[in-house]
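Participant: Below is one structure. I have some questions about it.
Please treat every number below as a calculation from the coordinates, not as lab data. Note that the structure is a prediction, hence the values are computed from the model and not measured. FYI the Cβ positions are ideal-geometry reconstructions off the backbone, even for glycines, and counts take in every protein chain you see.
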Amino acid sequence: MKIRNFIGCVFVLSMGFQTESFCQNTCVSRLDISVRLNIYYSFEVKRDYNFRVIHTTPAFSLEYNKHNFYIGPQYSYIFQRIPIADEIYENNSYGINLGYRYYSKELVNKLRIFGQFNYSIYRIKYTEYQKGTPFSTKKQKFIIENTISFGMDFIPFKHIHIYSGIGLGSFDGFFLLFKSSNLNTYVGFEYKF
């Protein structure tokens, strides 16, 4: 009985080592660490809202096989070409940017496409004007901008990636609620260690 248990344990362990060595030869799993600089331009589709934002984000990125997760601080510059009747936004805002990206295989030499979910969370400050006292009130609110997009990633040198994309999203808190939808374009530069 003891010999049979011993032989069974040796058999199971040997199968485990064989499976592990097989995966090392055929299953290529990589964890890449990189830093990137993203520049996003978002604007609301409805002209009457007239809300436009440029985001600049240095981000830390982890890529495992074709999956890429990133997070970083964000600076947002808010445009308001024609002021809404009773709200005037401050231009500068700070927040956080995070997202997920999935890469395809290389289409042509050093070029691949990707799909991306991006979240920008930032606080905006504005002054609300009214007739009568008080004539103006300072307010603030958090914006959760979420976007789904597609883009292209080009690798001109070994550690350097240049990418660009376009997407559709929303300034509402939940994913892709279209009470006020936005278009999003972006370019970026990434360095992989």
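Participant: Can you work out ³J(HN,Hα) from phi for every residue in segment 141-149, in order, using Karplus 6.51 cos²θ - 1.76 cosθ + 1.60 and θ = phi - 60°, giving whole Hz and x for Gly and Pro?
Facilitator: Those phi angles translate into 8, 8, 10, 10, 8, 10, 9, 10, 8 Hz.
Participant: Right, here's the next one. Using a 10 Å cut-off on Cβ atoms, rank the peptides 66-79, 152-165, 122-135 from the highest mean neighbour count down.
Facilitator: 66-79, 152-165, 122-135
Participant: Next up: Under 8 Å for C-alpha pairs, at least 6 residues apart: give me the relative contact order for segment 30-192, rounded to a whole percent.
Facilitator: Taking the mean separation of contacting Cα pairs over the length of segment 30-192, I get 21 percent.
Participant: Rank the residues SER181, SER93, SER104 as a footprinting-exposure proxy: fewest other Cβ atoms within 10 Å of their Cβ go first.
Facilitator: With the fewest neighbours first, SER181, SER93, SER104 line up as SER104, SER181, SER93.
Participant: Specify, per residue and in Å³, the volume enclosed by the convex hull of the alpha carbon atoms belonging to segment 30-192.
Facilitator: 106
Participant: Let's see if you can work this out: charge +1 on each Lys and Arg Cβ, -1 on each Asp and Glu Cβ, no other charges. What is the dipole magnitude of segment 30-192 about its Cα centre, in debye to the nearest 20?
Facilitator: 160
Participant: Moving to a separate point now. For ARG123, what is the net charge nearby, where nearby means another residue's Cβ is under 13 Å from its Cβ and Lys, Arg count +1, Asp, Glu -1?
Facilitator: Neighbourhood net charge equals +2.
Participant: Too long at a 27 Å Cα-Cα cut-off: which of LYS66/LYS158; LYS105/LYS192; LYS66/LYS125?
Facilitator: Cα-Cα > 27 Å for LYS66/LYS125; rest within.
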